[in-house]
Amino acid sequence: MAQDLSFAVRGFGGEAAPTMVIFMTEALKLPTRAAAFAEAAEAIARIGGIEKFKGKSQSSMVLAGHPGVPCEKLIVIGAGKAEEIAKCDWVMLGGVIADKLPAGPVAVIGAVDGEDLSAAALADLTLGMRLRAYSFNKYKTKKKDEDEPKTSEVTLQVADPSAVKKAVKAQQAIADGVNAARELVNEPPNVLYPETFAKRAAELGDIGVDVKILGEKELKKLGMRALLGVGQGSHNESRVVIMRWNGAKDPKAQPVAFIGKGVTFDTGGISIKPAGGMEDMKGDMAGAACVTGLMHALAARKAKVNAIGVIGLVENMPDGKAQRPGDIVKSMSGQTIEIINTDAEGRLVLADVLWHTQAEFKPKFMINLATLTGAILVALGHEHAGLFSNNDELAERLAASGKATGERVWRMPLDPAYDKMIDSKFADVKNTGGRHAGSITAAQFLQRFVNDCPWAHLDVAGTAMGASNTEINRSWGSGWGVRLLDNLVASHYEDK
């Protein structure tokens, strides 16, 4: 069901809401802050036994209309072992709560056993609730009951309202960024193409992001012939969007940079894809969607960092004007590229955008995201994104942020031995090395366009669209990467 959530924060006590949420560990003790439920403790324990509720993490039990329970509905959420409460995934628990919420007022008691929940844990709850509540059904004209929107007004009862309000505000900014990325990925390709994507990115100007859109004339002048070659078969002209957030104390401080592949629809071009599943190629811009959502999150929470987001937006179509296998294009770097397969197009887009970013902005690092290869799905499935990097520190920090957010990465090799697979007989490099080690040779290709800048490539083909459902995601477009990269920035690159 589509769900709108609003959040308020207040101290413990006050009037009970029609729906209440409490947490229980496996000790099955009522939170000491839930004094109003003392008389109902026996009933809760008895019903828990019937329902086989044991307080395990992410389990739940709903009691409605029971004598002695001082609310119309009581939602009991399992928090796991008491001694492991510090490791509890409160974002996921927020998703569990959102799945149970009715419309109307809801009160969440921010305590478990004898302990008050921290501001960070409570903010994570609201993040998880927002992420689970997201749905995309704007084009359904005949909605079923479960598609009709409902509104839940959630009040957190907490020990320190001011600290919680501040933490919730920051996490809601991240939720907005994730859901913005999801929205972009879910849109149909007749609605979202390079021009309209660029216009949506320009809306970030409303929250303080400086946005510059480069059209084909500017791109030709810059020499981005590799990117332009991909889009030359489409009547929708290509775009590059540069987004800048200056939040550091020093406006001239070296920025961090994020680059996204934005192929708004990928037919494969002349090397056309099979018909089965081609509709999913509307999501081949998920890397660009993530970068846009990340820039939203950083600006909305006023991150103390200078950040650059650059997205290359093209549509890869078969046409009399489309590039052909055998063509040779000259990239912005000056390197020539032999086109072996027009369906290996994302790396051509990124080649020019990476080169421009490192040359123009001289960032501390560059991280690019792309739904680049089907081979990464074969290797890692939907559980990890492929990580390739020329810098161990950056790779290790990304892996740590992946563990912290649940958006996990797995480092894959880069090695000069793979370069011979993409050496061309007729140009400096060819755009594919064949089926073997497909994700690695794609990364080796990209590495030729980053010089010595610390760089990481995230192949998100398995995580950004059609990924496994979780407690915090029921969307085809997952918004994967926004939380990962926001955590990376917050942990290591913001002014203190």
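The values are calculated or read from the model by the stated rules, or taken from the named source; none is laboratory data. Being a predicted model, the structure only gives us computed values, none of them experimental. Every residue, glycine as well, gets a Cβ built from its backbone with ideal geometry; the counts of neighbours run over all protein chains shown. Side chains are part of the model used for accessible areas, which takes the heavy atoms of the whole protein and leaves out ligands, DNA and RNA. Shrake-Rupley method; radii C 1.70, N 1.55, O 1.52, S 1.80 Å.
Consider the range 448-466 and keep the residues that are farther than 17 Å from A257 by Cβ and surrounded by fewer than 20 Cβ atoms within 10 Å (Cβ to Cβ). The one that is farthest from the chain's Cα centre (by Cα) is R448. In summary, strands (runs of 3 or more DSSP E) completely within the range 293-371 and bearing 2 or more residues that are out of contact with any Cys (no Cβ under 6 Å at 6 or more places or on another chain), under 23 Å from S491 (Cβ atoms) and open to solvent by less than 40 Å² (accessible area, probe 1.4 Å) occur at 306-316, 366-370.
You will find that of F426, F445, the residue that is over 19 Å from the mean Cα position of the chain (by Cα) and part of a helix (DSSP H, G or I) is F445 and no other. On the phi > 0 side of the Ramachandran plot, open to solvent by 70 Å² or more (accessible area, probe 1.4 Å) and without any contact (Cβ under 8 Å) to a residue 24 or more places away in the chain: does that describe K87? In short, no. The listed residues are P31, P105, and the only one of them that is in contact (Cβ under 8 Å) with a residue 24 or more places away in the chain and part of a loop (DSSP other than H, G, I, E, B) turns out to be P31.
Scanning the range 105-120 for residues that are at pLDDT 95 or above, among the small types (G, A, S) and open to solvent by 10 Å² or more (accessible area, probe 1.4 Å) returns S118, A119, A120. Note on the range 317-345: residues that are of a type outside the set (A, V, I, L, M) and more than 18 Å from P274 (Cα to Cα) amount to 12.
Which of the residues spanning the range 199-220 are buried (at least 16 other Cβ atoms within 10 Å of the Cβ) and under 29 Å from R448 (Cα atoms)? Of everything in the range 199-220, those that are buried (at least 16 other Cβ atoms within 10 Å of the Cβ) and under 29 Å from R448 (Cα atoms) turn out to be A201, V211, I213, L214, E216, L219. Do we have any residue at all in the range 407-422 that's in a helix (DSSP H, G or I), farther than 30 Å from I270 by Cβ and basic (K, R)? No; the residues of the range 407-422 include none that is in a helix (DSSP H, G or I), farther than 30 Å from I270 by Cβ and basic (K, R). Of all residues in the range 13-67, those satisfying the criterion of being under 36 Å from the mean Cα position of the chain (by Cα) and acidic (D, E) are E26, E51.
Here A379, A404, A400 are screened, and the one residue that is within 23 Å of C453 (Cβ to Cβ) and part of a helix (DSSP H, G or I) is A400. Among the aliphatic types (A, V, I, L, M), touching a residue at least 60 places away in the same chain (Cβ under 8 Å) and over 30 Å from W90 (Cα atoms) - does that describe any residue in the range 186-195? For the range 186-195, residues among the aliphatic types (A, V, I, L, M), touching a residue at least 60 places away in the same chain (Cβ under 8 Å) and over 30 Å from W90 (Cα atoms): present. Restricting D423, D486 to those that are of a type outside the set (G, A, S) and buried (at least 19 other Cβ atoms within 10 Å of the Cβ) reduces the list to D486.
Report whether or not S234 is open to solvent by 10 Å² or more (accessible area, probe 1.4 Å), of a type in the set (S, T, Y) and under 20 Å from A288 (Cα atoms).
Working: open to solvent by 10 Å² or more (accessible area, probe 1.4 Å): yes; of a type in the set (S, T, Y): yes; under 20 Å from A288 (Cα atoms): yes.
Yes; evaluated as a whole, the condition is true for this residue.
Hey, could you check the range 72-84 for residues that are assigned to a loop (DSSP other than H, G, I, E, B) and open to solvent by 20 Å² or more (accessible area, probe 1.4 Å) and say which is modelled with the highest pLDDT? Within the range 72-84, the match that is modelled with the highest pLDDT is K81.
Pairs linking a residue in the range 472-492 that is in a loop (DSSP other than H, G, I, E, B) to a residue that is of a type in the set (K, R), with Cβ atoms under 6 Å and 6 or more positions apart or on different chains, are I472/R132; S475/R182; G479/R182. Could you please let me know if T441 is touching a residue at least 24 places away in the same chain (Cβ under 8 Å) and polar (S, T, N, Q)? No; evaluated as a whole, the condition is false for this residue. Among residues of the range 7-28 being in a strand (DSSP E or B) and open to solvent by 50 Å² or more (accessible area, probe 1.4 Å), the one that is nearest to D113 (Cα to Cα) is R10. Scanning the range 377-411 for residues that are crowded, with 22+ Cβ neighbours inside 10 Å, under 14 Å from I440 (Cβ atoms) and within 18 Å of the chain's Cα centre (by Cα) yields G386, L387. Determine, yes or no, whether A36 is open to solvent by 60 Å² or more (accessible area, probe 1.4 Å), among the aliphatic types (A, V, I, L, M) and assigned to a helix (DSSP H, G or I). Here the answer is yes, as A36 does meet what is asked.
For the range 391-408, the condition holds for no residue, the condition being that it is farther than 17 Å from S491 by Cα and without any contact (Cβ under 8 Å) to a residue 40 or more places away in the chain.
Based on this model, can you work out whether G223 counts as open to solvent by less than 20 Å² (accessible area, probe 1.4 Å) and on the phi > 0 side of the Ramachandran plot? It is true that G223 is open to solvent by less than 20 Å² (accessible area, probe 1.4 Å) and on the phi > 0 side of the Ramachandran plot.
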